[in-house]
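Structure, as structure tokens:
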Amino acid sequence: MPALNRTVLLTGFEPFDGAGRNPSIEAVRVVERDWDRAELLVAAELPVAYDRMGADLDALLAEHRPDVVIGVGLAPGRGRVSLERLAVNLCDARIPDNDGAQPAEAPVLAGQPTALFTSLPVKATRALLADAGIEAELSMTAGTFVCNAMFFRATAWAGLAQGRRAGFVHVPMPDGVGSPGLATLARAVRVSVDAALDVAADLRVAAGETD
């Protein structure tokens, strides 16, 4: 598909759990500001609330019909960028979302598979990030909070039509001890978007963990 006809939906999240900021949407806004490709980039902030996030995401997908959907979220306990590989059909909230909902062992989407793999070229993306001097990991869990719910919804939607891609990138809190700064996180998100648009097939290399 010609670049002029392709659309990318890139989302970040509002602050949650009493925090004053969420670097996921900050990184997305930097990518939006600096966007210089022919493809259309649609950037959006999603609420950290299961129901409203689902409704907002569905509306964005219906309006823009993107070819690539990438969600970005905050993983405050991690020290590097995480390229998520697996979305699980599970809402199991350790803390309430921003609307006070705290589901336990509920599906993201009833009648859907237990889990769905990303359709992004995550191994190739990690290699590109390494070339750019950005440390990243392949992650097998996006958690069971709103980030994972967004990831699962987007991946399920992408699977309904040939050629669509969807995935999720978790970023750490910037400028902590050993953590990359916001500019680096934004660069990591941009590399992920570029790879989703430019890399037709992922690398066939072993990249699993031993524990």
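The values are calculated or read from the model by the stated rules, or taken from the named source; none is laboratory data. In this text the structure is predicted, and so the values were computed from the model without any measurement. Counting neighbours? That spans all protein chains shown, and the Cβs are built from the backbone with ideal geometry, glycine included. All accessible areas refer to the heavy atoms of the entire protein, side chains included, with ligands and DNA or RNA removed. Shrake-Rupley method; radii C 1.70, N 1.55, O 1.52, S 1.80 Å.
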Among Arg33, Arg52, the single one that is closer than 27 Å to Asp175 by Cα and among the basic types (Lys, Arg) is Arg33
For segment 87-107, pairs from a residue that is over 17 Å from Phe152 (Cα atoms) to a residue that is open to solvent by 30 Å² or more (accessible area, probe 1.4 Å) and not in a loop (DSSP other than H, G, I, E, B), with Cβ under 8 Å and 6 or more apart or across chains, are Asp99/Asp51; Asp99/Arg52; Ala101/Asp51
Here the residues within segment 1-58 that are within 17 Å of Thr144 (Cα to Cα), open to solvent by 80 Å² or more (accessible area, probe 1.4 Å) and assigned to a helix (DSSP H, G or I) are Asp51, Arg52
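Would you please name the residue that is most open to solvent (accessible area, probe 1.4 Å), looking only at residues in segment 68-92 that are assigned to a loop (DSSP other than H, G, I, E, B) and in contact with a strand residue (DSSP E or B) (Cβ under 9 Å, 6 or more places away or on another chain)?
The extreme case among them is Arg80.
Which members of segment 131-154 meet the condition of being farther than 16 Å from Arg78 by Cα and not in a loop (DSSP other than H, G, I, E, B)?
Here is the first cut: in segment 131-154, the residues farther than 16 Å from Arg78 by Cα are 131-133, 146, 149-154.
The answer is Asp131, Val146, Ala149, Met150, Phe151, Phe152, Arg153, Ala154.
Does Pro113 satisfy being in a loop (DSSP other than H, G, I, E, B), modelled with pLDDT of 95 or more and open to solvent by 50 Å² or more (accessible area, probe 1.4 Å)?
yes
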Taking segment 96-110 and keeping residues in a loop (DSSP other than H, G, I, E, B) and under 27 Å from Leu83 (Cβ atoms) leaves Asp97, Asn98, Pro103, Glu105, Pro107, Val108, Leu109
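Can you tell which of Ala136, Ala196, Ala200 is open to solvent by 10 Å² or more (accessible area, probe 1.4 Å) and touching a Leu at 6+ places or on another chain (Cβ under 8 Å)? Steps first, answer last, please.
Numbers: Ala196 fails: open to solvent by 10 Å² or more (accessible area, probe 1.4 Å); Ala200 fails: touching a Leu at 6+ places or on another chain (Cβ under 8 Å).
Answer to the check: Ala136.
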Taking first residues from segment 146-167 that are touching a residue at least 24 places away in the same chain (Cβ under 8 Å) and of a type in the set (Phe, Trp, Tyr) and second residues anywhere that are crowded, with 24+ Cβ neighbours inside 10 Å and outside any loop (DSSP other than H, G, I, E, B), the pairs with Cβ under 7 Å that are 6 or more apart or on different chains are Phe151/Gly71; Phe151/Glu84; Phe151/Ala87; Phe151/Phe168; Phe152/Ala87; Trp157/Ala166
Scanning segment 155-178 residue by residue, those in a loop (DSSP other than H, G, I, E, B) and under 19 Å from Gln112 (Cα atoms) turn out to be Gly159, Leu160, Ala161, Gln162, Arg164
Over segment 143-156, the set of residues in contact with a strand residue (DSSP E or B) (Cβ under 7 Å, 6 or more places away or on another chain) and open to solvent by 10 Å² or more (accessible area, probe 1.4 Å) is Thr144, Cys147, Thr155, Ala156
